[in-house]
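FYI, it's all coordinate maths here, none of it is from the lab. Just so we're clear, the structure is a prediction, and the values are computed from it rather than from any experiment. In this analysis, Cβ positions are derived from the backbone assuming ideal geometry, glycine residues included, and neighbour counts consider all displayed protein chains.
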Amino acid sequence: MAPSGPAGAQPSPAEPLSRSIFRKFLLMLCSLLTSLYVFYCLAERCQPGSGPVAGVPGRGVPAGPRELAAWPAGAQRKRLLQLRQRRRRGRPGPGDSGDQDEQSPGLAAAPGGSGAGSSVVEAQSGTLALLLDEGSKQLPQAIIIGVKKGGTRALLEFLRVHPDVRAVGAEPHFFDRSYHKGLAWYRDLMPKTLEGQITMEKTPSYFVTREAPARISAMSKDTKLIVVVRDPVTRAISDYTQTLSKRPDIPSFESLTFRNRSAGLIDTSWSAIQIGLYAKHLEPWLRHFPLGQMLFVSGERLVSDPAGELRRVQDFLGLKRIITDKHFYFNQTKGFPCLKKAEGSGKPHCLGKTKGRAHPAIAREVLRQLRDFYRPFNRKFYQMTGRDFGWDG
Ligand SMILES: Nc1ncnc2c1ncn2[C@@H]1O[C@H](COP(=O)(O)OS(=O)(=O)O)[C@@H](OP(=O)(O)O)[C@H]1O
């Protein structure tokens with residue numbers, strides 16, 4: 001008995017012609033259906049278990065065209081740029097203020113990394129982005145220049161929710177550490193922006209860098225400067241807590257605070273103390289920038305009323321008031337306000353564990369001496385800025 005041929009093989013002379021045509025037709029139909037299914041997947045309609053949560057664009061997976069269509073125009077443009085730029089991610093940030101300051105969601109790898117989900121998104125964004133202008137890299141028009149441990153990361157993360165703000169995630173440290181690399185290098189660190197969008201960065205050490213005011217002014221006299229300030233005593237303890245987390249064997253806060261404890265002489269050369277002399281650090285900035293070009297954000301109010309502080313910041317930057325109370329919720333576990341939907345992921349987002357560390361208990365008497373020490377500097381700072389931050393009340 002002759003063996004029967006494999007499916008799709010040449011018809012034997014005994015096989016009727018109509019049957020062979022029918023089999024070919026079936027084969028073609030199958031491949032057509034397969035292609036349709038692949039297309040269907042590309043349109044992100046068959047992501048198992050990762051469908052978007054109602055009303056939360058991009059939740060679970062990055063937003064597809066259908067979700068994008070439901071977003072405001074500014075958010076759509078921003079989202080497309082982010083998707084496009086994710087392809088080129090992988091370049092590490094140039095540095096930060098000492099902490100492993102978490103990358104914002106917009107720059108962090110998407111869940112699944114370079115897995116199937118991301119390639120699907122890239123295929124879509126590539127097609128869609130081609131239809132739109134991709135934007136260009138600009139030098140920042142606004143910079144958060146300080147202060148270290150003031151709440152600078154929280155402010156930047158909150159601002160990034162705004163569709164007209166684009167910011168570099170890591171701290172560039174251009175005006176203090178990398179100025180020799182030139183403005184082209186600096187610009188290249190920035191994300192692409194479209195017309196009407198603001199480019200921003202934050203490097204808290206600029207506020208205490210002697211050369212920074214002149215350098216920023218040389219880049220552009222119109223640069224808007226934001227300083228997040230916090231009670232200098234709490235700020236010093238926060239600064240110390242950060243160092244302690246990396247070097248647990250350092251001396252106590254109390255012993256580092258004084259040059260001579262029995263004489264009550266504060267060691268102003270210790271950077272944790274030095275940075276809190278805000279009035280002193282502000283002077284050189286005011287020689288290069290008018291006061292109206294600087295905004296002082298209360299680090300305390302950024303925690304107690306983030307929407308209120310963000311309203312001031314949006315007004316200062318000439319942005320539409322888009323970030324409001326609706327964007328925040330108070331996370332009891334974290335003990336801080338968090339975003340209901342972070343930029344880039346659409347998921348609830350609190351800052352990482354390097355923000356909001358528990359501070360060590362400091363002797364009451366030392367706290368009193370520090371408050372006495374800072375009081376005149378604080379008063380001068382309130383006068384200079386026209387705002388009483390309430391640290392001495
Ligand atoms: N929403 C929210 N979530 C978490 N943390 C918040 C928030 N808002 C302000 N802060 C305070 O930010 C402090 C860290 O400040 P910076 O981000 O400027 O620090 S750094 O200079 O960039 O290292 C950090 O200081 P510590 O509490 O001492 O860790 C926080 O108190």
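Residue separation of Leu256 and Thr241 scaled by 0.36 nm, minus their Cα-Cα distance, works out to 4.1 nm of gained length.
When peptides 359-368, 314-323 are ranked by their average number of other Cβ atoms within 10 Å per residue, the highest-first order is 314-323, 359-368.
What is the log10 of I(q)/I(0) for the stretch 245-350, computed with the Debye formula using one identical point scatterer on each Cα and no solvent, at q = 0.18, 0.19 Å⁻¹? With one equal scatterer per Cα and no solvent, log10 I(q)/I(0) is -1.01, -1.03. Rounded, prolate or oblate for the stretch 262-307? Axes are the square roots of the Cα gyration tensor eigenvalues, ordered a ≥ b ≥ c, and the cut-off for rounded is a/c under 1.5. The shape class here is oblate.
Straight-line reach from Lys380: which lysines fall under 19 Å, measuring Cα to Cα and dropping same-chain residues less than 8 apart? Straight-line reach from Lys380, under 19 Å: Lys280. Among His173, His162, His180, a tally of other beta-carbon atoms within 10 Å of each Cβ gives an order, fewest to most, of His180, His173, His162. Between Arg364 and Ala263, the contour length at 0.36 nm per residue exceeds the Cα-Cα span by 34.7 nm.
The phi torsions of the stretch 148-162, fed into the Karplus equation with coefficients 6.51, -1.76 and 1.60 and a -60° offset, translate into couplings of 3, 6, x, x, 5, 5, 4, 4, 5, 4, 5, 5, 5, 5, 5 Hz, rounded to whole numbers, with Gly and Pro shown as x.
Fully extending the segment from Lys380 to Leu33 would add 117.4 nm, taking 0.36 nm per residue of separation and subtracting the current Cα-Cα distance.
The relative contact order of the stretch 243-393 comes to 19 percent, based on Cα pairs under 8 Å that sit 6 or more residues apart. Using the Karplus relation 6.51 cos²θ - 1.76 cosθ + 1.60 with θ = phi - 60°, the per-residue 3J(HN,Hα) values for the stretch 262-275 come to 5, 8, x, 8, 6, 8, 6, 7, 6, 4, 4, 7, 3, 4 Hz, with x marking Gly and Pro. The protection proxy used here, the mean number of other Cβ atoms lying within 10 Å of each residue, ranks peptides 292-301, 151-160, 256-265, 203-212 as follows, highest first: 151-160, 203-212, 292-301, 256-265.
Cross-linked pairs Lys149/Lys192; Lys320/Lys341; Lys202/Lys326; Lys148/Lys192: Cα-Cα separations exceed 22 Å for Lys149/Lys192; Lys202/Lys326; Lys148/Lys192.
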